[in-house]
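Here is the structure we will look at, set down as structure tokens.
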2 protein chains.
Amino acid sequence: MTVTEAAAERLVRIGEVARDAGVSVRAVRYYEQQGLLIAERSPSGQRLYRQDTVTLVRFFQQMFAAGLTSRRIAELLPCWDTGHTDAEQRAMLRAERDRIQAKVDDLQAALDRLDEVIAITDTHP
Amino acid sequence: MTVTEAAAERLVRIGEVARDAGVSVRAVRYYEQQGLLIAERSPSGQRLYRQDTVTLVRFFQQMFAAGLTSRRIAELLPCWDTGHTDAEQRAMLRAERDRIQAKVDDLQAALDRLDEVIAITDTHP
DNA sequence: CTAAAACCTGACGCCAGCGTCAGAGGCAAG
DNA sequence: CTTGCCTCTGACGCTGGCGTCAGGTTTTAG
């Protein structure tokens with residue numbers, strides 16, 4: 001392995017990123033459009049991503065599942081990247097955390113409700 | 001209190017239902033349109049609801065929060081009302097339950113991720 | 001060399017749970 | 001009576017995360 005080989009990042013195209021992350025190509029393009037991803041371009045204009053982009057996309061999916069919007073995630077990215085935050089960002093992080101926690105509690109309550117219904121319908125066949 | 005007074009249901013108009021349940025008037029009309037609520041009508045055409053409608057609307061909100069669609073809720077209503085279900089409905093109930101449980105797990109994972117980020121940003125001020 | 005597969009840029013479509021505006025009627029109080 | 005709030009029926013708008021089609025270029029496999 002030469003120095004230049006070690007220095008050169010291995011870049012992958014959009015299809016590989018999408019497949020490895022388990023999302024559609026369209027989704028990846030969308031993330032870029034929303035400022036969540038930045039891609040280099042090949043001379044012919046094709047997007048080239050660093051391989052750890054897959055990890056990032058999986059992170060996005062997780063945040064989407066938690067109800068964060070792409071805008072919020074974009075605001076969070078600096079924290080994630082640099083590990084450096086100002087007071088406002090930290091407040092936002094905690095706010096999102098609390099929102100998710102509240103959502104978990106809501107879901108748990110809904111779950112309990114459904115379990116009640118299930119219990120009733122099982123004893124009343 | 002006379003017999004007729006005891007027998008007569010107290011009916012409320014849409015505004016009261018909405019306010020007591022903490023939703024908009026528009027939302028209540030929407031629920032009716034989706035077959036979740038049935039209203040009597042006054043001679044002039046105004047909707048009249050039984051007072052326990054408020055409970056029902058709160059239940060809807062809980063289910064919406066859990067990610068159920070109004071269609072699903074409409075399919076669940078017979079179980080809820082009569083306490084009587086066929087096999088298909090019981091299967092649906094369990095499927096929804098499992099879906100919600102999975103969602104709770106996802107959210108918990110996202111929460112843990114965010115907590116990691118928060119921990120890092122707190123130690124890296 | 002050629003055909004298939006992958007990629008590109010728009011741009012419109014979709015769903016669900018409402019928000020919101022328009023225009024008109026009902027209803028208790030002063 | 002009229003003022004002011006509540007209600008009615010449409011009907012269009014919005015948001016977000018993509019799906020999907022159109023029409024063209026590029027890369028890759030054989």
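The values are calculated or read from the model by the stated rules, or taken from the named source; none is laboratory data. What you see is a predicted model; the values in this text were computed from it and never measured. Cβ: placed from backbone, ideal geometry, glycine included. Neighbour counts: every protein chain shown. With ligands, DNA and RNA removed, areas are computed over all heavy atoms of the protein, side chains included. Shrake-Rupley method; radii C 1.70, N 1.55, O 1.52, S 1.80 Å.
Quick check on this structure: which one of B:Arg72, B:Arg13 is within 12 Å of DNA strand C (Cβ to nearest atom), under 15 Å from A:Ile118 (Cβ atoms) and of a type in the set (D, E, K, R)? Selected residue: B:Arg72, the only one of B:Arg72, B:Arg13 that is within 12 Å of DNA strand C (Cβ to nearest atom), under 15 Å from A:Ile118 (Cβ atoms) and of a type in the set (D, E, K, R).
Tell me, which helices (runs of 4 or more DSSP H) lie completely within the stretch A:30-125 with 3 or more residues that are of a type in the set (Asp, Glu), within 12 Å of chain B (Cβ to nearest Cβ) and open to solvent by 70 Å² or more (accessible area, probe 1.4 Å)? Before the answer, list the steps.
On the way: elements: A:53-65, A:70-82, A:87-123.
Ranges flagged: A:87-123.
Among the residues of the stretch A:7-29 satisfying the criterion of being part of a helix (DSSP H, G or I) and more than 11 Å from DNA strand D (Cβ to nearest atom), which is modelled with the lowest pLDDT? The selected residue is A:Ala7.
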